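Undergrad: For reference, the structure I am asking about is given below.
The values are calculated or read from the model by the stated rules, or taken from the named source; none is laboratory data. Predicted, not measured: the structure shown is a model, and the values here were computed from it. Methodologically, a virtual Cβ is constructed for each residue, glycine included, from the backbone with ideal geometry; neighbour enumeration extends over all protein chains shown.
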Amino acid sequence: MTDYAAMLAALEDGSFRPARFGHEAHVGLGFQALKTHGFLRGMAVFSDGLRAAAERLGLTTKFNATVTIAFLSLIAERMAEAPDADADAFIARNPDLLSPDVLSRFYSPARLSSPLARSVFLMPDRVGS
């Protein structure tokens with residue numbers, strides 16, 4: 001069991017410096033931010049913290065505002081449909097969110113990887129199902 005609450009605290013206080021931070025950890029930490037702070041504040045806490053962590057590590061090109069907001073929106077929607085007690089249960093119930101290409105239903109690769117998508121949230125250019 002991953003301690004996403006501790007990860008969130010580190011993200012918020014600026015001490016978050018993961019040696020390895022894979023996609024599953026992004027989903028779990030996003031869940032924790034939304035569960036702890038609600039939708040709007042959770043979005044801000046997660047986005048601001050992730051961007052700051054990337055900057056501290058010299059990985060400024062890794063942060064993508066569109067990917068971050070779109071994934072958090074998917075997580076929040078799924079949380080509203082069936083609230084889970086913790087991130088691990090949520091991830092187990094939503095394995096499709098672990099696929100990095102889950103956003104391809106909504107975004108073309110060119111739009112999602114564009115420089116503009118990294119700095120601001122872009123609306124989808126594909127119709128999702």
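Undergrad: For the range 15-39, give me each residue that is over 13 Å from the mean Cα position of the chain (by Cα) and free of Cβ contacts under 8 Å to residues at least 40 places away in the same chain.
TA: Ser15, Phe16, Pro18, Ala19, Arg20, Thr36, His37, Gly38 - these are the residues of the range 15-39 that are over 13 Å from the mean Cα position of the chain (by Cα) and free of Cβ contacts under 8 Å to residues at least 40 places away in the same chain.
Undergrad: Considering only residues that are under 16 Å from Thr36 (Cα atoms) and either among the basic types (Lys, Arg) or in contact (Cβ under 8 Å) with a residue 24 or more places away in the chain (or both), look in the range 85-116 and name the one that is surrounded by the most Cβ atoms within 10 Å (Cβ to Cβ).
TA: Applying the filter and picking the extreme gives Ala87.
Undergrad: Before we move on, is Ala76 touching a Leu at 6+ places or on another chain (Cβ under 8 Å), surrounded by 12 or more Cβ atoms within 10 Å (Cβ to Cβ), at pLDDT below 95 and not polar (S, T, N, Q)?
TA: Spelling it out, it is not the case that Ala76 is touching a Leu at 6+ places or on another chain (Cβ under 8 Å), surrounded by 12 or more Cβ atoms within 10 Å (Cβ to Cβ), at pLDDT below 95 and not polar (S, T, N, Q).
Undergrad: Something else about it: Looking at Ala65, is it more than 13 Å from the chain's Cα centre (by Cα) and either more than 12 Å from Leu34 (Cα to Cα) or charged (D, E, K, R) (or both)?
TA: no
Undergrad: Return yes or no: is Leu116 modelled with pLDDT of 95 or more, in a helix (DSSP H, G or I) and over 14 Å from the mean Cα position of the chain (by Cα)?
TA: Criteria met by Leu116.
Undergrad: I need the full set of residues from the range 12-34 which are modelled with pLDDT of 90 or more and closer than 15 Å to Phe71 by Cβ, in order please.
TA: Hits for the range 12-34 are Glu24, Ala25, His26, Val27, Gly28, Leu29, Gly30, Phe31, Gln32, Ala33, Leu34.
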